[in-house]
Every structure is written in C-alpha cells, then in structure tokens.
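S.K.: This structure is in structure tokens; I'll ask about it shortly.
No lab work stands behind these numbers, since they all come straight from the coordinates. Being a predicted model, the structure only gives us computed values, none of them experimental. Reconstructed Cβ throughout: ideal geometry from the backbone, glycine too, with neighbour counts over all protein chains shown.
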Amino acid sequence: MGCLLAVASGCFGQGLNGDRVGLKEGDVLFQTSRSTQSQAIQIATHSRWSHMGMLVREKRGWLVFEAVQPVRLTPLNEWVRRGQGGHVVVKRLKDAAKHLDEKTLSRMRQIGRRLLGKPYDLTFEWDDRRVYCSELVWKIYKEGAGIELGHLQRLKDFDLSHPAVQKKMRERYGNKLPLEEPVISPQAMFESPLLSTVFER
C-alpha cells in the first residue's frame with residue numbers, strides 16, 4: 001500500500017496514470033465537490049465526501065461513471081481535477097478478483113450505460129428517472145454484481161438542523177420534506193466494510 005501511494009503521489013502532478021498506479025475497473029472514487037450543494041451534503045452526512053464515481057477502462061482510457069448533469073462517463077484526470085485540491089480516495093471491493101470477473105464487470109458497465117444521459121437528481125429520489133452520484137454507483141454494484149455497498153438510509157436519518165442544509169431543503173422541497181425517501185450517501189459507501197482504500201492523494 002505504501003509503495004502504491006508513493007508512486008501515485010509522485011506522478012499525480014502530471015495527471016493520474018491509472019495503469020501506473022494499479023487502478024482497476026470497478027474501483028470507487030471519492031472527492032469533495034466544488035458544487036453549490038457540497039457544503040450541505042457534507043454537513044448533513046457528517047462527511048468530507050460529497051461526490052463519487054466508479055472507474056471503467058475503455059479504448060480511450062480510464063473513465064469515471066458519474067452522475068452530474070447529466071449522468072456521463074468522464075475522463076479520470078478531468079474528474080480528479082474538478083474536486084477540491086485534486087484530492088481523491090480510491091476504494092476497491094475486497095476480493096475484487098473473485099467477485100468482479102469480466103462477465104460481472106460487463107453487466108456493471110451495461111447498468112451504467114443504461115443510465116447515461118439521465119438528468120441529475122436534485123431531490124435525491126430513489127427511482128431511475130433522475131440519478132445522483134452515490135445512487136448511480138450503488139445501483140451499478142447492486143444490479144450488476146448483486147453487491148450492496150453501504151446501507152440505505154432515510155432522508156430523516158441525516159442531520160437536517162444546520163441552516164445551510166435547511167436552506168437547500170427549502171429550495172428543493174419547499175415545506176414538504178420526503179423524510180421517508182430511501183437515500184444512499186457517499187459517506188455510507190465510503191464506510192462500507194466491503195471496500196478497502198487502495199489510493200489516496
């Protein structure tokens with residue numbers, strides 16, 4: 001692990017070479033977004049992380065499935081640069097070699113591609129009409145590999161007391177908060193015991 005992190009840090013200033021640092025398809029990436037809702041997400045979930053995605057490899061290089069506006073595949077280095085300070089944590093499914101064979105990864109890519117172009121979900125609803133970042137990765141793993149990364153919560157389980165959070169809630173929901181709506185947060189997935197950190201910078 002120490003060698004991997006050292007190599008990664010050494011080449012990061014020139015862009016992240018996924019092959020050189022040993023990244024793999026299915027790796028899950030976390031960062032702190034610069035979006036206007038980032039602070040509210042961090043406060044409500046008691047987390048540093050407000051955005052995430054999942055890594056895939058294609059002919060044009062390393063790409064990240066992410067839900068922004070709209071859901072899309074973003075080149076890895078572009079994705080990393082958008083985060084605060086270029087900081088990123090990459091986690092990998094434990095026993096990934098056992099559980100993420102090529103057939104499973106192909107299904108996961110298909111699930112991700114089915115959701116490409118979907119609008120970003122500002123109200124964090126659980127259907128597929130619109131999709132937010134952690135929902136995208138959770139559903140790719142659940143539907144493509146039969147694996148649940150992190151426990152679903154309800155909107156009411158989060159810390160909604162801070163003024164910044166309440167402001168965003170009023171903007172999105174008015175006075176009708178869907179407190180029972182299932183939600184998966186980046187922090188819940190970050191804390192999943194099924195994942196281990198393989199890269200951080």
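S.K.: For GLU171 and ARG34, compute 0.36 nm times the residue count separating them, minus their Cα-Cα distance, and round to one decimal in nm. Walk me through the intermediate numbers first.
M.R.: Numbers: separation 137, 0.36 × 137 = 49.32 nm, distance 1.86 nm.
Here the answer is 47.5 nm.
S.K.: Apply the a/c threshold of 1.5 to the C-alpha gyration tensor of segment 44-98 and tell me whether it is rounded, prolate or oblate. Don't jump to the answer; show the numbers that get you there.
M.R.: On the way: a/c = 1.71, a/b = 1.14, b/c = 1.50.
Here segment 44-98 falls in the oblate category.
S.K.: How big is the antiparallel share of DSSP beta bridges in the chain, given as a percent to the nearest 5? Please report the intermediate quantities before stating the final value.
M.R.: Working: 24 of 25 bridges.
Counting only bridges with both partners in the chain, antiparallel ones make up about 95 percent.
S.K.: Given the C-alpha centroids of segment 92-137 and segment 64-84, what is the distance between them in whole angstrom?
M.R.: Centre-to-centre (Cα) distance: 14 Å.
S.K.: Once you sort the root eigenvalues of the Cα gyration tensor of segment 8-130 as a ≥ b ≥ c, which label holds: rounded (a/c under 1.5), prolate (a/b larger than b/c) or oblate (the other case)? Before the final figure, lay out each step's value.
M.R.: On the way: a/c = 1.64, a/b = 1.12, b/c = 1.46.
Cα axes put segment 8-130 in the oblate bin.
S.K.: Here is a further query. In percent, what relative contact order does segment 35-103 have, based on Cα pairs under 8 Å that are 6 or more apart in sequence?
M.R.: Details: 47 pairs, mean separation 9.9, N = 69.
After rounding, I find 14 percent.
S.K.: Percent relative contact order of the chain, based on C-alpha pairs within less than 8 angstrom and at least six residues apart?
M.R.: On the way: 354 pairs, mean separation 53.8, N = 201.
Relative contact order of the chain: 27 percent.
S.K.: Something else: Could you tell me which residue out of GLY174, GLY150, PHE199 lies farthest along the dipole of segment 121-201 toward its positive end? Charges go on the beta carbon: Lys and Arg +1, Asp and Glu -1, centred on the Cα centre.
M.R.: About the Cα centre, the residue reaching furthest to the positive side is GLY174.
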